[in-house]
1. Name the long-range amide H neighbours of S60: under 5 Å, sequence gap of 5 or more, or other chain; modelled H, no Pro or chain starts.
2. Of the residues L203, L49, L17, which exhibits the maximal mean-square fluctuation in a Gaussian network model of the chain defined by a 10 Å Cα contact cut-off?
3. GNM, the chain, Cα, under 10 Å: largest mean-square fluctuation among A223, A207, A32?
4. Carbon and sulfur: what percent of the chain's accessible surface (1.4 Å probe)?
5. Take the Cβ-Cβ distance between A66 and V264 as r, set R0 to 45 Å, and report the resulting FRET efficiency rounded to the nearest 0.05.
6. Taking only Cα atoms and a 10 Å spring cutoff, compute GNM fluctuations for the chain and point out the largest among H35, H255, H59.
7. How high is the relative contact order of the stretch 96-189, in percent, with contacts defined as C-alpha pairs under 8 Å that are six or more residues apart?
8. Once you keep just the Cα pairs under 8 angstrom separated by 6 or more residues, what percentage relative contact order results for the chain?
Amino acid sequence: MAHLILFPQAASAIIALPGETILAAALREGLAYPHGCQRGRCGSCKSRLLQGKVEMLAHSPFALEAPERNEGLVLACRAVPTSDVTVYWPDAVGALPPVLAIDAIVVARHEIAPQIQRLLVRPSQPLSFLPGQYVNITLPGGVTRSYSPASQPMAQDVEFHIRVVAGGQASSLVAELSIGDRIQLAGPFGDACFRGDQDRPLLALAASTGQAPIKSIVDGLLASGDQRAVRVFAFARETQHLYLDRYFAELAARHSNLGYRSIVTRAMHKDATPQTLIASCISQLRNWSVHIAGPAGFVTSMSEMVRGLGCDDILADRF
Ligand code: FES
């Protein structure tokens with residue numbers, strides 16, 4: 001049956017339809033509820049259940065740990081009310097840029113690595129976001145997919161790196177885009193974003209098109225003159241998929257606080273692991289911020305690995 005959801009922060013009350021999650025109901029009603037993956041993986045929608053009961057759908061234990069559940073925290077994207085509920089969402093929502101829906105035209109598109117397209121679009125008004133957030137792109141034909149910009153907020157053009165999957169509906173539409181084609185952007189969304197409000201050194205781990213948000217984060221940090229230590233590790237099975245290798249290497253040559261290392265996993269020594277490679281550069285991560293971007297399996301294994309090196313400040317962007 002339908003249940004009432006009260007949001008004290010927004011002074012609003014909405015109805016959750018039968019079987020609908022708190023997040024789905026909030027987004028349907030147009031609330032700017034903080035969220036990321038919408039699949040119980042990233043923890044961006046972690047909220048406090050002040051009153052009532054929910055059924056929690058399957059989710060990653062990394063997004064919501066058992067002690068947090070016992071404290072009354074829930075993942076709004078996985079929580080289906082089974083009674084009327086009162087929910088308090090994370091305070092960070094106030095710091096996020098507003099969500100906009102805007103038109104954009106394609107100004108460039110080309111392949112930058114096998115199966116990876118670089119798409120440059122010019123929005124009808126500047127798009128504000130925090131590096132690491134994502135934007136929904138609606139392609140001609142009405143197909144919508146989420147991508148994190150590789151460029152800087154408010155830039156004239158927004159740059160995306162899009163993995164093209166054989167037979168994928170969105171992939172074929174992206175591969176057919178021409179200069180001048182119109183698309184729609186909506187966002188930004190997600191709070192797996194870098195705010196830089198803590199003075200901690202930053203470790204960034206990227207795989208596949210996760211290199212895009214890491215580029216945005218690192219470029220923004222360096223352009224601001226921030227002098228904290230930044231270490232970027234890019235992982236790929238084949239050299240050809242390290243499509244920002246030269247870019248990061250040249251950036252590191254110009255900025256003494258940036259270290260960059262690329263790792264081709266297929267060529268790794270049989271005794272080496274990502275953990276041993278990172279640990280050989282950084283002995284412990286207790287006071288570091290870590291940002292991980294890439295496919296879900298990569299993010300999960302890297303999260304475990306950095307926790308093992310003492311890190312408790314992890315932002316994850318998985319897709
Ligand atoms: S865990 Fe809910 S949005 Fe990612």
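1. R41
2. Of L203, L49, L17, the most mobile in the Gaussian network model is L17.
3. Largest GNM mean-square fluctuation: A223.
4. 50 percent
5. Working: r = 37 Å, r/R0 = 0.82.
About 0.75, to the nearest 0.05.
6. Sorting by GNM fluctuation, first place goes to H255.
7. 40 percent
8. Numbers: 696 pairs, mean separation 45.4, N = 319.
Once divided by the residue count of the chain, the mean separation gives 14 percent.
The values are calculated or read from the model by the stated rules, or taken from the named source; none is laboratory data. Here the structure is a predicted model, which means the values were calculated and not measured. Quick reminder, even Gly has a Cβ in these numbers, built from the backbone with ideal geometry, and neighbours come from all protein chains shown. Keep in mind that these areas ignore ligands, DNA and RNA; they rest on the heavy atoms of the full protein, side chains included. Shrake-Rupley method; radii C 1.70, N 1.55, O 1.52, S 1.80 Å.
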